[in-house]
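The values are calculated or read from the model by the stated rules, or taken from the named source; none is laboratory data. Since this is a predicted model, take the numbers as computed values, not measurements. Please note: Cβ atoms are built from the backbone with ideal geometry, for glycine as well, and neighbour counts cover all protein chains shown.
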Amino acid sequence: MKKTAKAPANIAFIKYWAKADAATRVPKNNSISMNLSDMYSICTVEFDASLKKNEVHFLDEETIKSQELARISDALDKIRNIAGSVLFAKVVTKNNFPKATGIASSASGFAALTLAATKALGLNLTEKELSLLARTFSGTACRSIPDGFVEWQKGTYENDSYALSLHPPEYWDIADVVAVVTSKMKKVSSTDGHALAPTSPFYELRLAGMDAKIANLKKHMRDKNFTSFGRIVEDEALNMHAICITSTPPLLYWQPETIRIMKNIALWRESGELESYFTIDAGSTVHVICRGTDAQKAKSYLEKIEGIEKVVINRPVKGAQLVTEHLF
Ligand code: DP6
């Protein structure tokens, strides 16, 4: 059976940064995110008795790193074991945005692969089971399974660490206007970054404040209090990057353009022109969070800043879905 799934990237308002267990990707803290309407992966999977090994293709990319191939193959093996199948698979996948620049391509990619591959083997997993499984391939992928605004509950062990929807996409009209400043891949992967986080002298402090920060953010989301919500989102992004900068060895993901955008956001806010807040994942890309009604304005402001390659408006959206149009 051939199946195709589409899954969104997601932006974290509260970041996943450090694992309690590296092998299973159980995180140190809960995280909160929003699925992105206009940054997604599509993945088609077919298990086929004539194949002697897995065949993986990325559309629009000439080279696939051997590490990436190994990660996808491991995921296919795991899904095959769950279904009790011995068949190899053909996988074709594509993203509509550049990889490894601070947009969660592993999140959307592995969420789409999890849904397509399990369905291709006739498995009918629940949302919780899909999220648990996707987490083991890439932590953030578990958050691209449920709809809209999502919380990943860290849990205590492998089988209770998964993501749930907090609010459906139509709950709150906010936008993530993504400013890509370079499509060059970052040098240090986030998987390596997670492992370095506890070397920061500030890491325990970050963790100690986490529960209160999450409770506050969730309250402001419930109240749709955009200003209080935005302040926490920005504070949390700086907090995560403070950990990165003070890890051993240090990780500085920002480019000069990243800082230029951060400074502009503060100016727009101070002048009363545009209320928006930044957040940044493990890369140079800036996610500008604003009210949905301000999204076009934010885009046109960002397009005037020097050094920005691409600006994409994203609204909240559903999680991973099956689609009928296959990639092969
Ligand atoms: C910085 O999910 O890429 O985007 O579990 O090792 O695949 P692995 O890591 P990954 O983590 C990226 C984390 C982040 C912050 C976040 O989205 O919460």
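The condition (being in contact with an Asp or Glu (Cβ under 7 Å, 6 or more places away or on another chain), buried (at least 16 other Cβ atoms within 10 Å of the Cβ) and modelled with pLDDT of 95 or more) is satisfied by just one residue among Lys6, Lys15, Lys19: Lys15. When Tyr16 is tested against (1) assigned to a strand (DSSP E or B); (2) under 14 Å from the mean Cα position of the chain (by Cα); (3) within 13 Å of the ligand (Cβ to nearest atom), just one condition goes unmet, and that condition is (1). Ala134 meets each of the listed conditions (1) within 13 Å of the ligand (Cβ to nearest atom); (2) under 30 Å from Pro250 (Cβ atoms) apart from (2). Within the range 31-42, can one find any residue that is away from the ligand (no atom under 16 Å from the Cβ), on the phi < 0 side of the Ramachandran plot, of a type in the set (Val, Ile, Thr) and without any contact (Cβ under 8 Å) to a residue 12 or more places away in the chain? No, the range 31-42 contains no residue that is away from the ligand (no atom under 16 Å from the Cβ), on the phi < 0 side of the Ramachandran plot, of a type in the set (Val, Ile, Thr) and without any contact (Cβ under 8 Å) to a residue 12 or more places away in the chain. The criterion of at least 3 residues that are surrounded by 20 or more Cβ atoms within 10 Å (Cβ to Cβ) is met, among strands (runs of 3 or more DSSP E) falling completely within the range 280-328, by 286-291. If you check Ser105 against the conditions, is it among the hydroxyl-bearing types (Ser, Thr, Tyr), within 16 Å of the ligand (Cβ to nearest atom) and over 27 Å from Thr258 (Cα atoms)? No.
For the range 51-92, residues that are closer than 18 Å to Asn124 by Cα and among the β-branched types (Val, Ile, Thr) total 2.
Look at the range 301-314: where a residue is within 25 Å of Pro8 (Cα to Cα) and a partner is modelled with pLDDT under 90 and in a loop (DSSP other than H, G, I, E, B), sitting 6+ places away or on another chain with Cβ atoms under 7 Å, you get Ile308/Val181; Glu309/Val181; Glu309/Thr182; Glu309/Ser183.
Confirm whether Ile243 is in a helix (DSSP H, G or I), among the aliphatic types (A, V, I, L, M), within 25 Å of Val288 (Cβ to Cβ) and away from the ligand (no atom under 13 Å from the Cβ). No; evaluated as a whole, the condition is false for this residue.
Where strands (runs of 3 or more DSSP E) sit wholly within the range 134-232, those with at least 1 residues that are of a type in the set (Asp, Glu), under 24 Å from Ala111 (Cβ atoms) and modelled with pLDDT of 95 or more occupy 149-153, 174-180. Taken over the range 275-289, the criterion of being near the ligand (Cβ under 10 Å from one of its atoms) and under 11 Å from Ile174 (Cβ atoms) is satisfied by no residue.
Of all residues in the range 149-177, those satisfying the criterion of being in contact with a helix residue (DSSP H, G or I) (Cβ under 9 Å, 6 or more places away or on another chain) and among the β-branched types (Val, Ile, Thr) are Val150, Ile174, Val177.
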